[in-house]
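The values are calculated or read from the model by the stated rules, or taken from the named source; none is laboratory data. Everything numeric in this text was worked out from a predicted model, so none of it was measured. When we count neighbours, we look across all protein chains shown, and the Cβ atoms used for this are built from the backbone with ideal geometry, even at glycine.
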Amino acid sequence: MRDKSKPKLAVWKFSSCDGCQLSLLDCEDELLDLASKIEIANFPEASRAVVKGPYELSLVEGSISTPHDAQRIQEVRRQSKFLVTIGACATAGGIQALRNFADVAEFARYVYAAPQYIETLSNSTPIAYHVFVDFELRGCPINKAQLVEVIGAFLNNRRPNVPHYSVCMECKRRGTICVMVAQGIPCLGPVTHAGCGALCPAYRRGCYGCFGPMETPNTVALSSRWKELGAANADLVRAYRTFNAFSEVFRKESVAHER
Amino acid sequence: MSGNRKNHRANQSRTIKVDYLARVEGEGALYVRVRNGQLQDVKLKIFEPPRFFEALLRGRRFTEAPDITARICGICPIAYLNCSIHAMEDACGVKINGPIRELRRLIYCGEWIESHVLHVAMLHAPDFLGYDDAIRMAKDHTEIVQAALRLKKVGNEIVRVVGGREIHPVNMRVGGFYRAPRKFELTALAEDLKWARDTAIELIRWTAGLSFPDLERDYEFVTLRHAEEYPLNEGRLVSNKGLDIPVSDFYSTFVEEQVQHSHALHSTVRNRGTYLVGPLARYSLNFDHLTPLAQETALSVGLDKVCRNPFQSIIVRSVETLYACEEALRIIEAYEEPDRPYVEIAPQAGRGYGCTEAPRGTLFHTYRIDEQGIILDARIVPPTAQNQKTIEADLREFVPKHLDLSTDELTWKCEQAVRNYDPCISCATHFLKLELDRE
């Protein structure tokens, strides 16, 4: 029954909201085409059929936050020729990494009546902390056009064409007037990885950093500009600590403003 | 198959295990134990890792709750945005009407279309027709899958135009929107929506032609009900067994308990038992507020004004899809751009409540904030957590009637029965509260 000439794709979920893997099902125009070129071999959100590994390409969504998942990711790596992480949870630990700055036992007691039933790690960490990752696709959520580009690139043995510059470049290209310069709205765009298409400034709000840090961000300079615009230390801590809080650059910058 | 073999199966001892439920959002498992032809145990296990949202919200500003809680669920972020926004406005004593209220309904219609069609055509229909997934189904049922993909896209387009992107839209805030859409941006959607409306009618007819296992249960349906409209963001919580309360009485009526086999709390109506939230409840208690076309089409395919067969939820979702297309068209035609896209809201110390109808059922949020707008306490009850016990109860009634099926067939039927609820396990896990009141 199987067409053995087609490469096998697997989609794996760890701690996450499912939004990034949903991006694949949101490719309404491309989905059936894609399925004619690759075999969707293991994608529980979409299918109850499971074709055994190894897989040419594994897309991994979510962060590692339980002892069980820390073991499961090793098995996923063993079965995958290429492993690509998708989204802020998989590449930076996600919003659930806010526990990394707090006492996870206290978090569990706050939420659960019987926290002793809950198995969890004290930190939520990116996949690359645990196994070798071939490529990281950023975003909370990822951009579906970039997802299609990444899948196409790996199927054709080339590097994905995904730029690492800042959101500012996308604003300029889009012709959006800078919200920070013109309106004094604090914006994380200058330090944030491109990919969303500079959405927030186009909607007259400051970027909130959901794609995580760009390649060479100058967060120190940006933070001092925010302070000139009236931001308090606590505002800066919160701004850097959202969906990519545990990425190295945002983490360090948030800690610097904590006192 | 011979009667003897069927008989033998019906009397044997079996364990049905689905270690990883497919075609649902999140990580769940199913465990059914049969001994000597008697059903002994049914457990819907939720092992999605907890993310502790309620805990991490403390210390954040009230304006941050919408974007943070949206990340509970990538399938229904609008439900979380709308619910947290309404709860925060309630805490600050603000009620918003006019075009902003309408835009909130419009973007919710987009999410209903997108989420319902995803479930109906891509996740649930393959069960009825015996396919592992919609892609395999598309080989034989190309037209319906292609039409469904396009219909889903129309829903996503509404979310994208009003919200900025399909998943975790950026444009919604406490008080309104960062930028109000221009009239011409919305009217550009109308043509596709008219096509979508016609296609939704086709979808209703198509789903009504599927064959449905015989199961009718005397549910307590719980839903929002509004005086004038099919419920989305506002209303009182009502049931067919006498419940009629304001949203702020949620915790005096519903009880949650933690069980060892699930990371999501089980909900019951105090002193009464399990209840059902979602399309069946909304439809059965708000039929009078559907559009005439949605009512007529539902009745014409043989659906009653009350639907108690959980497998027929696939038809009801299609009816709600038609409603959402019509409601979106109505809003777009009547839309006038607001003078300001949002109302500036100053925080005040207090508690606020929000309750909205997510595609899969009633979602409840409550927050306590201080005078600076810092969140002191957060509690969230998602629809799937409320439905867990009802899903198990359905299986307790369903499985004994079908013990003559082979284990593979029975396993698949059980999975289908779970998928009747379009369960979103990613949502369900994260909100487990521990006591009724901490104030």
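Does A:Val148 satisfy the condition of being more than 8 Å from chain B (Cβ to nearest Cβ), in contact with an Asp or Glu (Cβ under 8 Å, 6 or more places away or on another chain) and either outside any loop (DSSP other than H, G, I, E, B) or charged (D, E, K, R) (or both)? Criteria met by A:Val148.
Just wondering, is there one or more residues in the range B:161-181 that are over 22 Å from the mean Cα position of the chain (by Cα), farther than 26 Å from A:Gly206 by Cβ and β-branched (Val, Ile, Thr)? No, the range B:161-181 contains no residue that is over 22 Å from the mean Cα position of the chain (by Cα), farther than 26 Å from A:Gly206 by Cβ and β-branched (Val, Ile, Thr). Within the range A:7-18, one or more residues are surrounded by fewer than 20 Cβ atoms within 10 Å (Cβ to Cβ) and either at the interface with chain B (Cβ under 7 Å from one of its Cβ atoms) or over 21 Å from the mean Cα position of the chain (by Cα) (or both). State whether the residues of the range B:160-172 include one that is more than 12 Å from every other protein chain (Cβ to nearest Cβ) and assigned to a helix (DSSP H, G or I). Scanning the range B:160-172 turns up no residue that is more than 12 Å from every other protein chain (Cβ to nearest Cβ) and assigned to a helix (DSSP H, G or I). Here B:Val34 does not qualify as farther than 22 Å from B:Ile369 by Cβ, surrounded by fewer than 24 Cβ atoms within 10 Å (Cβ to Cβ) and within 10 Å of another protein chain (Cβ to nearest Cβ). Within the range A:1-20, the residues that satisfy the criterion of being part of a loop (DSSP other than H, G, I, E, B) and among the charged types (D, E, K, R) are A:Arg2, A:Asp3, A:Lys4, A:Lys6, A:Asp18. Checked against the criterion of being closer than 26 Å to B:Leu118 by Cα, within 22 Å of the chain's Cα centre (by Cα) and of a type in the set (Gly, Ala, Ser), the candidates B:Ala190, B:Ala196, B:Ala227 yield just one match: B:Ala196. Could you tell me whether any residue of the range A:97-112 is surrounded by fewer than 18 Cβ atoms within 10 Å (Cβ to Cβ) and not in a helix (DSSP H, G or I)? Yes, that holds for at least one residue. Restricting attention to the range B:189-202, the residues that are buried (at least 21 other Cβ atoms within 10 Å of the Cβ) and over 17 Å from B:Gln146 (Cα atoms) add up to 1. Whenever a residue of the range A:46-57 is within 14 Å of chain B (Cβ to nearest Cβ), its partners that are in a loop (DSSP other than H, G, I, E, B) and among the charged types (D, E, K, R), lying with C-beta atoms within less than 6 angstrom and at least six residues away or across chains, give the pairs A:Ser47/B:Asp132; A:Arg48/B:Asp132; A:Ala49/B:Asp132.
When B:Asp422, B:Asp377 are checked against the criterion of being touching a Ser or Thr at 6+ places or on another chain (Cβ under 9 Å), modelled with pLDDT of 90 or more, surrounded by fewer than 18 Cβ atoms within 10 Å (Cβ to Cβ) and within 13 Å of chain A (Cβ to nearest Cβ), B:Asp377 stands alone in meeting it.
Kindly establish whether B:Pro213 is more than 9 Å from chain A (Cβ to nearest Cβ), over 30 Å from B:Val247 (Cα atoms) and of a type outside the set (Ser, Thr, Tyr). So B:Pro213 passes the test.
This table checks each residue for (1) out of contact with any strand residue (DSSP E or B) (no Cβ under 7 Å at 6 or more places or on another chain); (2) in contact (Cβ under 8 Å) with a residue 40 or more places away in the chain; (3) buried (at least 23 other Cβ atoms within 10 Å of the Cβ); (4) part of a helix (DSSP H, G or I).
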residue: A:Ala153; (1), (2), (3), (4): yes, no, no, yes
residue: A:Cys196; (1), (2), (3), (4): yes, yes, yes, no
residue: A:Arg204; (1), (2), (3), (4): yes, no, no, no
residue: A:Trp226; (1), (2), (3), (4): yes, yes, no, yes
residue: A:Ala239; (1), (2), (3), (4): yes, yes, yes, yes
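When A:Glu215 is tested against (1) away from every other protein chain (no Cβ under 12 Å); (2) modelled with pLDDT of 95 or more, exactly one condition is not met: (2). Here B:Val301, B:Val277, B:Val306, B:Val316 are screened, and the one residue that is surrounded by fewer than 19 Cβ atoms within 10 Å (Cβ to Cβ) and closer than 20 Å to B:Asp218 by Cα is B:Val306. Between A:Val249, A:Val255, the distinction of being part of a helix (DSSP H, G or I) and surrounded by fewer than 15 Cβ atoms within 10 Å (Cβ to Cβ) belongs to A:Val255 only. In the range B:52-72, the qualifying residues are those that are within 7 Å of another protein chain (Cβ to nearest Cβ) and touching a strand residue (DSSP E or B) at 6+ places or on another chain (Cβ under 6 Å), and the one that is nearest to B:Pro383 (Cα to Cα) is B:Glu54. Would you call B:Arg150 surrounded by fewer than 20 Cβ atoms within 10 Å (Cβ to Cβ) and touching a residue at least 24 places away in the same chain (Cβ under 8 Å)? Answer is yes for this residue. Within 13 Å of chain A (Cβ to nearest Cβ), at pLDDT 90 or above, surrounded by fewer than 24 Cβ atoms within 10 Å (Cβ to Cβ) and in contact with a His (Cβ under 7 Å, 6 or more places away or on another chain) - does that describe any residue in the range B:380-389? No, the range B:380-389 contains no residue that is within 13 Å of chain A (Cβ to nearest Cβ), at pLDDT 90 or above, surrounded by fewer than 24 Cβ atoms within 10 Å (Cβ to Cβ) and in contact with a His (Cβ under 7 Å, 6 or more places away or on another chain).
Can A:Arg109 be described as within 12 Å of another protein chain (Cβ to nearest Cβ) and modelled with pLDDT under 95? Yes, satisfied. In this structure, does A:Ala145 turn out to be assigned by TED's automatic domain parsing to the domain that holds A:Thr125, out of contact with any Leu (no Cβ under 7 Å at 6 or more places or on another chain) and closer than 19 Å to A:Ala88 by Cα? Yes; evaluated as a whole, the condition is true for this residue. Take the conditions (1) within 14 Å of another protein chain (Cβ to nearest Cβ); (2) modelled with pLDDT of 95 or more; (3) more than 20 Å from B:Arg317 (Cα to Cα); B:Ala196 misses just one of them, which is (3). Answer with yes or no whether B:Arg205 is part of a helix (DSSP H, G or I), facing chain A (nearest Cβ under 10 Å) and surrounded by fewer than 21 Cβ atoms within 10 Å (Cβ to Cβ). The answer is no for B:Arg205. Close contacts from the range A:22-40, counting a first residue that is within 14 Å of B:Met137 (Cβ to Cβ) and touching a residue at least 60 places away in the same chain (Cβ under 8 Å) and a second that is part of a helix (DSSP H, G or I) and among the aliphatic types (A, V, I, L, M), with Cβ to Cβ under 9 Å and a gap of 6+ residues or different chains, come to none at all. Of everything in the range A:19-31 that is over 16 Å from A:Leu137 (Cα atoms) and touching an Asp or Glu at 6+ places or on another chain (Cβ under 8 Å), the residue that is surrounded by the most Cβ atoms within 10 Å (Cβ to Cβ) is A:Asp26.
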